[in-house]
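A short worksheet on the structure shown next.
The values are calculated or read from the model by the stated rules, or taken from the named source; none is laboratory data. Keep in mind it's a predicted model, so treat the numbers as computed, not measured. Virtual Cβ from ideal backbone geometry, glycine too; neighbours counted across all protein chains shown. Quick note on the areas: whole protein, heavy atoms, side chains included, nothing else; ligands and nucleic acids left out. Shrake-Rupley method; radii C 1.70, N 1.55, O 1.52, S 1.80 Å.
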Amino acid sequence: KINYVYEDGSEAAKSHEETLPYQSEYNVESPVIDGYTADKLDVSGTMPAGNVEETVTYKKNSYKLTINYKYEDGSKAAESHEETLPYQSDYSVTSPDITGYTADNSVVSGTMPANDVEVTVTYTKNSYNLKINYEYEDGSKAAESHEDTLSYQSDYSVTSPDITGYKADKLDVSGKMPANDVEVT
């Protein structure tokens with residue numbers, strides 16, 4: 001009789017039973033169970049003058065989880081997350097925060113299958129609002145405000161409108177978009 005059990009003692013597969021004559025040889029391959037490895041790939045020997053009972057124990061296999069963090073252009077956004085996990089174990093990995101960018105998957109989670117897992121999280125630039133107000137010294141409106149939506153780290157340069165008889169304190173407003181809205185007067 002050959003019993004097939006998991007590490008916790010529960011049945012992994014139906015026991016193999018057969019009756020054999022004294023001194024006959026036997027060789028029984030252990031069943032293949034996805035995600036597990038048997039401590040004995042086969043049970044073999046010569047029948048003694050009595051019964052034989054063997055136990056084959058199945059241990060969970062471990063597999064590699066790799067999470068790559070990339071920008072839209074394919075360049076590296078952060079160090080990859082790598083770990084080895086047992087078959088059927090749950091995982092939940094929070095994607096790193098990167099200023100000015102949003103991850104397409106803020107948490108990578110699941111249950112380990114019977115193979116390695118590789119996931120790519122892609123970061124896209126966030127967009128922010130640029131607003132330039134044009135006012136006279138007394139605070140009244142001099143011209144329509146300039147409004148634009150720009151992606152993080154993009155360059156901008158906006159020439160102030162010409163108003164006859166007046167000179168702007170900033171002939172043009174320029175800079176690189178930070179990770180927040182910008183309002184300039």
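Of GLU72, GLU82, all but one fail to be under 12 Å from the mean Cα position of the chain (by Cα) and within 29 Å of ALA179 (Cβ to Cβ); the exception is GLU82. Among the residues of region 19-44, the ones that are closer than 18 Å to GLN88 by Cβ and either open to solvent by 90 Å² or more (accessible area, probe 1.4 Å) or not in a strand (DSSP E or B) (or both) come to 5 in all.
Count of region 4-18 residues, restricted to those that are within 39 Å of the chain's Cα centre (by Cα) and outside any loop (DSSP other than H, G, I, E, B), is 7. Restricting attention to region 3-18, the residues that are surrounded by 15 or more Cβ atoms within 10 Å (Cβ to Cβ) and either of a type outside the set (S, T, N, Q) or at pLDDT below 95 (or both) total 6.
Which of the residues spanning region 45-56 are open to solvent by less than 40 Å² (accessible area, probe 1.4 Å), assigned to a strand (DSSP E or B) and either over 15 Å from ASN3 (Cβ atoms) or not aliphatic (A, V, I, L, M) (or both)? Once the filter is applied, which keeps residues that are open to solvent by less than 40 Å² (accessible area, probe 1.4 Å), assigned to a strand (DSSP E or B) and either over 15 Å from ASN3 (Cβ atoms) or not aliphatic (A, V, I, L, M) (or both), region 45-56 yields only GLY45. Beta carbons closer than 8 Å, at least 6 apart along the sequence or on distinct chains, pair a first residue in region 15-32 that is closer than 21 Å to TYR4 by Cβ with a second that is open to solvent by 40 Å² or more (accessible area, probe 1.4 Å) and of a type in the set (Lys, Arg) for SER15/LYS1; HIS16/LYS1; GLU17/LYS1; SER30/LYS40. Is it the case that some residue within region 44-64 is under 24 Å from TYR152 (Cα atoms) and in contact with a Ser or Thr (Cβ under 7 Å, 6 or more places away or on another chain)? Checked against the condition, which is being under 24 Å from TYR152 (Cα atoms) and in contact with a Ser or Thr (Cβ under 7 Å, 6 or more places away or on another chain), region 44-64 yields no hits at all. Does THR66 meet the test of being hydroxyl-bearing (Ser, Thr, Tyr) and open to solvent by less than 30 Å² (accessible area, probe 1.4 Å)? Considered against the rule, which asks whether it is hydroxyl-bearing (Ser, Thr, Tyr) and open to solvent by less than 30 Å² (accessible area, probe 1.4 Å), THR66 comes out as yes. For region 84-115, which residues satisfy the criterion of being open to solvent by 60 Å² or more (accessible area, probe 1.4 Å) and either in contact (Cβ under 8 Å) with a residue 24 or more places away in the chain or touching a Phe, Trp or Tyr at 6+ places or on another chain (Cβ under 9 Å) (or both)? Within region 84-115, THR84, GLN88, THR99, THR102, ASP104, SER109, THR111, ASN115 meet the criteria.
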